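The values are calculated or read from the model by the stated rules, or taken from the named source; none is laboratory data. Keep in mind that this is a model prediction, so the values were computed, not measured. Glycine also receives a Cβ, built like all others from the backbone with ideal geometry; neighbour counts cover every protein chain displayed.
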Amino acid sequence: MHNCIYSPVWFFLFWIFLITSFIFFLKKSKRNKYESDVNMKDIVDSIFKTQTLYKSLKKKYHPDRFSIHKNKEQLNVLYQEMEMNKSDYKSLTLIESKFIETLKDSL
């Protein structure tokens, strides 16, 4: 009587499946190791440029400088947003452009 579990064909197919699964896993792990969603330029900018940009914006767009400005409320909101995002370079650059736009619209 021949047992089909121990037949050479099943044994061979099992090993092929095992090897291909292992190769697929290795390729996937290598791909994930080198591909990431993190942008290194943003990290470097946040580390080295953020503090100087924040300080300059803080001096330039402080709410006390615009106490009689007609968009005072909007400028205060932008300043508070700047305070909350003081460690994020990308957000600070966007806030700076919003400040410029708000001041340009009021002229």
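Would it be correct to say that Leu53 is within 24 Å of the chain's Cα centre (by Cα) and either in contact (Cβ under 8 Å) with a residue 12 or more places away in the chain or not in a helix (DSSP H, G or I) (or both)?
Values: within 24 Å of the chain's Cα centre (by Cα): yes; either in contact (Cβ under 8 Å) with a residue 12 or more places away in the chain or not in a helix (DSSP H, G or I) (or both): yes.
Yes: the conditions hold for Leu53.
Note on segment 20-50: residues that are within 14 Å of the chain's Cα centre (by Cα) and at pLDDT 80 or above total 1.
Taking the options Asp105, Asp64, name whichever one is at pLDDT below 85 and either surrounded by 10 or more Cβ atoms within 10 Å (Cβ to Cβ) or not aromatic (Phe, Trp, Tyr) (or both). Can you show your working first?
Details: Asp64 fails: at pLDDT below 85.
None of the other options fit; the residue is Asp105.
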